[in-house]
Structures are given as C-alpha cells and as structure tokens.
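The next block holds one structure in the form of structure tokens; read it before the comments.
The values are calculated or read from the model by the stated rules, or taken from the named source; none is laboratory data. Keep in mind the model is a prediction, meaning the values are calculated, not measured. Note: ideal-geometry Cβ built from the backbone for every residue, glycine included; neighbour counts use all protein chains shown. With ligands, DNA and RNA removed, areas are computed over all heavy atoms of the protein, side chains included. Shrake-Rupley method; radii C 1.70, N 1.55, O 1.52, S 1.80 Å.
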Amino acid sequence: MVDRLSLRLVPDELWELVEPLLPAFTPRPQGGGTAPLNPRQVFTAIVYVLTSGCA
C-alpha cells in the first residue's frame with residue numbers, strides 16, 4: 001500500500017520512469033546478506049531526504 005505522502009513525493013508517473021532503471025534484487029549464492037526491500041519505498045525515502053534537507 002502506498003500512502004498519500006509517498007504518492008506526493010513519488011507519483012506513479014515518476015515511478016514508471018525510475019523503476020526500469022533500478023537493479024533487480026539478486027540473492028547471494030552463499031546465503032546471508034540483506035533481505036530484499038520494496039524498491040519503491042526505498043526510492044521514496046531517498047527522495048524524502050533529498051527534498052527535505054534531512055541531515
């Protein structure tokens with residue numbers, strides 16, 4: 001589910017442009033590492049920090 005703040009920061013039109021540019025998650029063959037995250041949520045967090053000047 002995408003909330004209103006997320007849609008304001010990353011509208012569907014922007015997400016359609018950005019999504020093909022992001023690399024797909026590939027698990028490590030030996031296991032371990034980080035768990036996959038929702039790429040839209042990660043991108044929204046990046047946009048939030050860049051637009052808010054968050055330290």
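Each Lys and Arg contributes +1 and each Asp and Glu -1, all at the Cβ; summed about the Cα centre of the chain, the dipole is approximately 220 debye. The accessible surface of the chain, taken with every protein chain in place and a 1.4 Å probe, is 63 percent carbon and sulfur. Its residues counted as N, the chain yields a C-alpha radius of gyration over 2.2 N^0.38 Å of 1.33.
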